[in-house]
Amino acid sequence: GGLRGATVIDALDTLYIMELEEEFQEAKEWVEKSFDLNVNGEASLFEVNIRYIGGLLATYYLTGEEVFKSKALELGEKLLPAFNTPTGIPRGGSLFSPCSGMSWSWGWASAGSSILAEFGTLHLEFLHLSELSGNPVFAEKASNPQPGPLHPPGVMNIRRVLNRVEKPQGLYPNFLSPVTGSWVQHHVSIGGLGDSFYEYLIKSWLMSDKKDSEAKKMYDDALEAIEKHLVKKSAGGLTYIAEWRGGILDHKMGHLACFSGGMIALGAEHAAEERRQRHMELAAEITSTCHESYTRSDTKLGPEAFRFDAGSEATATRLSERYYILRPEVVESYMYLWRLTHDPKYRHWGWEVVQALEKHCRVEAGFSGIRDVYTTTPTHDNMQQSFFLAETLKYLYLLFCEDDVLSLEDWVFNTEAHPLPINHTDFKA
């Protein structure tokens, strides 16, 4: 697509973890010689930041090779102009030209607004950029700084804006104006446009070695509102997370929202006893519902979105939602639930996915998405998304590894499954 080398950079840490040394060296050489940050190409701020910076940082922490660190820092600096807005919130779906430092907005980003999952998913990477560079400016853009020479008064930062703005029923809508700092429309989703914001709250707390209490409180409050207003049980007994449109529930769950089983389990692991048990049960139920969306299809792969209405459960009722593009969220939850419970069903479910991928998605040159999961002779879409190598295959691999391979005690995975070290005082990556 528009991201030059996204597949190479997304695959770096997967290649390294799987000990595919020859391919890793080839990829490293490409980064050294051909990853040019000065071409006048555009890509969305969120995509560039998470895919490139996360992949480069993770590979630096795994290998200690300076080239990955310097490319990540160089790219981080090129992203800073996107934060030049009245609130300090980067512009939504910002198209971004690294060469000119110009940014402007995608047409679909509701009236020039910023997207929760974009500006809320910078924290892990930007904290590491500050730590590695010694330059506090990255952390200040993402976290909760005091006004100072690098951060003049009047320029509010992301968390401060989010803490100040009123949240309907305690929920965070998906679109915020970077000019006024208020919500643009009241659509709430734990799937696309919202997803990784919530994930980054609990992961920021874990990455800080449980010192970032503000992130933990924001996560706890958000999850409480989600439990109260969005978590529903179908007539057939399946637990799912609905979407919320100005107070009206839409009884659908996107494949993207299936990451939440893993997130809730990760948060539960560190909660007080009563909450721990409740959240572990909720995580297992959501993961089970997502598994149902796979088993109820002919290919045993899940659709892009599935609904709970008009008598249908955990199936796509619209033609436009029947496709599968090699997404990782369901196997991501299997991996977390396996690591935290060691219930063998999660490995069985993961193996079902491996077999279905081999059967329906493998093509001569790699793996392809399919247009309809409800037919046993699916049509390929001729695309291998870069997240397939970064996430889907990595999470499947880790599901069958020993727990000490990228232990959850020492590493936090960013939203593209790139591992970043937890800030233990005694931990050496």
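Listed values, structure above:
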{"read-out": "Full-stretch length increase - LYS33, ASN84 - with 0.36 nm per residue and alpha-carbon distance subtracted", "value": "15.2 nm"}
{"read-out": "Rounded FRET efficiency, nearest 0.05, which uses the C-beta distance separating GLN277 from ARG362 and R0 of 41 Å", "value": "0.50"}
{"read-out": "Theoretical gain in end-to-end length, THR376 to GLU224 [0.36 nm per residue, Cα-Cα removed]", "value": "50.7 nm"}
{"read-out": "Against the rule of thumb 2.2 N^0.38 Å, how large the Cα Rg of the chain comes out", "value": "0.93"}
{"read-out": "Cut-off 13 Å (backbone N to label point 7 Å along Cα→Cβ of LEU249), residues of the stretch 214-238", "value": "226-238"}
{"read-out": "Relative contact order computed over the stretch 186-421 (Cα-Cα under 8 Å; 6+ residues apart), in percent", "value": "17"}
{"read-out": "Label-point gap, in nm, between THR341 and SER213 - each point 7 angstrom along Cα→Cβ", "value": "3.2"}
{"read-out": "Computed accessible area, TYR16, all protein chains, 1.4 angstrom probe, square angstrom", "value": "100"}
{"read-out": "Label point distance in nm, THR317-GLU66, each placed 7 Å from Cα along Cα→Cβ", "value": "6.0"}
{"read-out": "Rel. contact order, % - alpha carbon contacts under 8 angstrom, at least six apart, the chain", "value": "13"}
{"read-out": "The chain, accessible area per residue, ligands and nucleic acids excluded (1.4 Å, Å²)", "value": "40"}
{"read-out": "Values of log10 I(q)/I(0), in the order q = 0.09, 0.13 Å⁻¹, for the stretch 186-421 under a Debye, Cα-only, solvent-free model", "value": "-0.35, -0.76"}
{"read-out": "The stretch 293-383: C-alpha gyration tensor shape, a/c 1.5 cut-off, then a/b vs b/c", "value": "oblate"}
{"read-out": "Kirkwood hydrodynamic radius of the stretch 357-429, from inverse mean 1/r over distinct Cα pairs, in Å", "value": "14.5"}
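The values are calculated or read from the model by the stated rules, or taken from the named source; none is laboratory data. Values in this document were obtained by computation on a predicted structure and should not be read as measured data. Using ideal geometry, Cβ is built from the backbone for each residue, glycine included, and neighbour counts are taken over all protein chains shown. Heads up: the accessible areas ignore ligands, DNA and RNA and are worked out on the full protein's heavy atoms, side chains in. Shrake-Rupley method; radii C 1.70, N 1.55, O 1.52, S 1.80 Å.
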